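Engineer: Here you go, one structure.
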Amino acid sequence: MAGNDTIYCQKSSFTDTDWEKIYEVAFRPDQRTPLNQLHDGLRSGQMFLHRSSNNDGLLCFSVTNILPTVALLAYLATDPNKRSSGIGSKHMKSLIAQIKAENPNLLGMFAEIESTREKGISEEEKKHRRRRLQFYQRLGFKRYKSVYTIPSYDTAVPDEEGELIWLEFSAGSIGCDKLAEVIKEIYVKAYLLKDDDVRVTNVPVLAGDAACSFADDLSADTSSDGSAVTTAAEVVATDAPAAATAPSTADAKS
């Protein structure tokens, strides 16, 4: 467990590579941005690496992609041997505060997670994904109501059914009218899709906030931490979600 010597969410250099091992375990190959692209993004200042650690080493890391109007939580994962101790929540709370303070022009933070509505998954997997969603909702994230596709980084692997979630940096800053623009921004600036890619041109334009986000019930299955995944954002752990999304100049994979 993390002790008082824990340093949460410290901004780190691309030369710090201890997170790469967790990254390769927490995310499937089709969810992982090539490391050279991540290094380029970190070096250029478009992406930021934050690490939580103590005397025993790395506990949790995140990679955030700063896009023109929003921040994209590309990856978030916790050491699988050190989950369920609140590390992910503390890391995320600090990350949100830092990104917001350092980027006052941004509307908010977005992440992608594996779909809780996907058909054909086991009850165990569904429960796991639901915990991950609840991890973010306890931090104040909203969930996009429409269908959302997470592009694959592997051309041999089909795109993934996911869910888009977001946290506004100020109340009302991300209304339904903004979401289509933000999704296109994520696809083009983070996943590097072309403007005429069908995944970009087919982004739905919704009207009315009730049509955009769910009023989710968090009364059931509220464990203290989520999991790591995607989808960005997320894929895997149970204390911090692996957010997945696309960075880089290219998780949370956004």
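The values are calculated or read from the model by the stated rules, or taken from the named source; none is laboratory data. Keep in mind that what you see is a predicted model, and the values were worked out from it rather than measured. When we count neighbours, we look across all protein chains shown, and the Cβ atoms used for this are built from the backbone with ideal geometry, even at glycine.
Engineer: Looking only at region 49-65, which residues are in contact with an Asp or Glu (Cβ under 8 Å, 6 or more places away or on another chain) and over 11 Å from Tyr8 (Cα atoms)?
Structural biologist: Leu49, Asn55, Gly57, Val63
Engineer: Where in region 20-98 are there strands (runs of 3 or more DSSP E), lying fully within it, with 1 or more residues that are under 16 Å from Tyr136 (Cα atoms)?
Structural biologist: 57-66, 71-78
Engineer: I'm told Leu164 meets every condition in (1) more than 16 Å from the chain's Cα centre (by Cα); (2) crowded, with 17+ Cβ neighbours inside 10 Å except one. Can you identify the failing condition by its number?
Structural biologist: Result: Leu164 passes all but (1).
Engineer: Taking Ile186 as meeting all but one of (1) modelled with pLDDT of 85 or more; (2) aliphatic (A, V, I, L, M); (3) more than 22 Å from Thr64 (Cα to Cα); (4) in contact with an Asp or Glu (Cβ under 9 Å, 6 or more places away or on another chain), write down the number of the exception.
Structural biologist: Of everything listed in (1) modelled with pLDDT of 85 or more; (2) aliphatic (A, V, I, L, M); (3) more than 22 Å from Thr64 (Cα to Cα); (4) in contact with an Asp or Glu (Cβ under 9 Å, 6 or more places away or on another chain), Ile186 misses just condition (3).
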